[in-house]
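Below you'll find the structure, written out as structure tokens, and then a few comments.
Throughout, read-outs are computed from the coordinates displayed, never taken from laboratory work. Everything numeric here is computed off the predicted structure, so don't read it as measured data. Glycine also receives a Cβ, built like all others from the backbone with ideal geometry; neighbour counts cover every protein chain displayed.
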């Protein structure tokens, strides 16, 4: 994984997102104008699915699965497939690689044109959007009959990202979360021999590190245009970020105000530089030269730091779970999940592929190829992961991850959250005024959602 692949992937997803409401209106108009055609088409799809069942059941006709895989992971699925096809004669898998920068638009366009694939890996924060479109096949019956997919073997916060209105709509494929990367040599120079476990302890360390570092160096890096660090800290609070069933913002609550106050304090005390990512073109080099000591980031940076830092610093840095307000803290539940689209023609065959990709041995092989972290605890018993000094903290953190609010508008909302945080840091709003204004903006974003939900309950 080179350069800024993962952080850019996240930004691209947000920039490419289109409002869900317009697409829902478009689908409603299409349905109203051609209900008979839609019904006939649906009947034909069902007939095709029944007539072309998986080899070895009612029909021996060959089955080809259309699969879209997002991002660079698509390059590494192909080496896994010969074993699947050997076990399942008559089933072949056709892969299309889709860059994350184009994935959201491509999926929505395919949905509108009834051209979705049989399977894809869907970003966890996109599950609510495609659930609202009724585009995803519920998987509970498949899971109940499976000898492979064991819900209790998955990290609970990751599994929960796929549960909508009581139904499971995806199976976690690889996981992503945020925690601390830190220079333990610089922390030791400031007088500490362990990472922080609470915010108060972290604040003492940040102050000591900054004092020891002197002018022009900082204790931590929190790019002002990146939401994951602030989001992770916000998820550590007991109060949800949205209230009333996801109908309104809940950023004026005590928990988020405490989070934002702590976040802002790191800038106002000079512990973090007031910079964006574009002003830090090479954070790995800056980490290596001691420009900052603490860095909240994800698992891809294990490989990046190993490759980019000089050999003499190989034992000078490590990872640690995030500290929380009063003890070890939660973080965000990210990654992607394997989904079956509702109009897939060969759902049983697709489920076989999901089961194969979910086997711990397959997940271990996938990790070896990509560096992505597996969502199943059993896969973490593999020595390559269990003995990895830098991965151990991720294993611990994954037991304490939380899903983001399950609304289609979330990626818009989290951008608004970060934009307001930057304005508070710049002194344009106080914490109280900023959170109240953020709630007002989020309530406006969720206006159509409230209307739709209220109409559903009154019809």
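Just a few scattered comments:
- Global dimensions of the stretch 185-294 from alpha-carbon coordinates: Rg and Dmax equal 15.5, 48 Å.
- Translational D in µm²/s for the stretch 311-459 (Stokes-Einstein at 10 °C, 1.306 mPa s, Kirkwood Rh from C-alpha pairs): 80 µm²/s
- Estimated FRET transfer efficiency (residue 244, residue 399; beta-carbon r; R0 22 Å; 0.05): 0.15
- Taking every DSSP beta bridge that has both ends in the chain, the antiparallel portion is near 65%.
- The chain: angle of helix 254-268 to the longest principal axis, Cα-based, in degrees nearest 10: 50 degrees
- Residue-averaged [θ]222 nm for the chain, counting only DSSP H segments that reach four residues, each worth -39500 (n - 2.57): -14000 deg cm²/dmol
- Sorted from longest to shortest, the spans of the Cα atoms of the stretch 97-247 along the three principal axes equal 60, 35, 34 Å.
- Computed over the stretch 385-459, the quotient of the alpha carbon radius of gyration and 2.2 N^0.38 Å is 1.62.
- For the chain, the direction-averaged projected area of the alpha-carbon convex hull comes to 22.5 nm².
- Ranked packing of 222-231, 279-288, most packed first, by mean Cβ within 10 Å: 222-231, 279-288
- Calculated SAXS-style log₁₀ I(q)/I(0) at q = 0.25, 0.29 Å⁻¹ - the stretch 214-267, Debye, Cα scatterers: -1.02, -1.19
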